[in-house]
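Derivation of every value follows stated rules applied to the coordinates shown; laboratory data play no part. The shown structure was predicted, so the numbers you read here are calculated from the model rather than taken from an experiment. Neighbour counts run over all protein chains shown; Cβ positions are idealised from the backbone, glycine included.
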């Protein structure tokens, strides 16, 4: 198993599928729509917190059902990636941020969330607490890793996941293939019966 997804003492850095579902359920019950949308974008796209905070109304492509992120960590190269996003999350973004209305104004280039990283992280932490989640995996990075693990398990397509995460190297993406998935667990269970 990859050391990149575990702490030095073996603690998991990613949210399990069940934990990811708990986080999404808690986000959906949050009273503030802007907190809800930030949490859902992080959980459903695997973006970095800074990438989410840089989103503008123009970044949300409702017609294609995707969010377009400027990929960070590209060493001075400007790259964009389009990540398919559930319709429910896109609808929440539309309602909470009035995307169609704002896209017709000069405000279309202003960030969807006015918070900095520290304030955003405080909001996300509340949602983790609502979900009953704690530990190293209960973080924006844990959401990114959890998205990647789920995407690899469901699609079995590391190139696609590489594109969604904005990795330059496929080798970076393949660390998520080392995680014990449901299929591997079933194979192991059949050995012990």
Query raised in the report: Can you give me the relative contact order of the chain as a percent, contacts being Cα pairs under 8 Å and 6 or more apart?
Result: 30 percent
Query raised in the report: Stokes-Einstein at 4 °C, 1.567 mPa s, Kirkwood radius from Cα pairs: D for segment 79-158 in µm² s⁻¹?
Result: 84 µm²/s
Report task. Find how much the distance from residue 178 to residue 154 grows on full extension, using 0.36 nm per residue of separation minus their present alpha carbon separation; answer in nm with one decimal. Result -> 7.2 nm
**Report entry** Rough spin-label spacing in nm, given labels placed 7 Å along Cα→Cβ, for residue 134 and residue 74
**Finding:** 4.0 nm
Report task. Please figure out what share of the DSSP beta bridges in the chain is antiparallel and state it in percent, rounded to the nearest 5. Result -> 100 percent
Query raised in the report: Can you list the equivalent-ellipsoid semi-axes of segment 3-192, largest first and in whole Å, using the square root of 5 times each Cα gyration tensor eigenvalue?
Result: 29, 19, 16
**Report entry** Theoretical ellipticity at 222 nm over the chain - DSSP helices of four or more residues, -39500 (n - 2.57) apiece, nearest 500
**Finding:** -15000 deg cm²/dmol
Report summary line: A correct fewest-to-most ranking of 92, 61, 189, 9 by other Cβ atoms within 10 Å would be 9, 189, 61, 92
Requested in this report: For segment 77-93 and segment 122-171, compute the distance between their C-alpha centroids and round to whole Å.
Outcome: 15 Å
Query raised in the report: Pick from 136, 68, 149: which residue has the top mean-square fluctuation in a GNM of the chain where Cα pairs under 10 Å get a spring?
Result: 136
Query raised in the report: How far is helix 17-29 tilted off the main Cα axis of the chain, in degrees rounded to 10, range 0 to 90?
Result: 30 degrees
Query - Distance between modelled label sites at residue 100 and residue 17, nm, 7 Å Cα→Cβ extension - result: 3.5 nm
Requested in this report: Could you tell me what fraction of 2.2 N^0.38 Å the Cα radius of gyration of segment 1-114 comes to, as a two-decimal ratio?
Outcome: 1.17
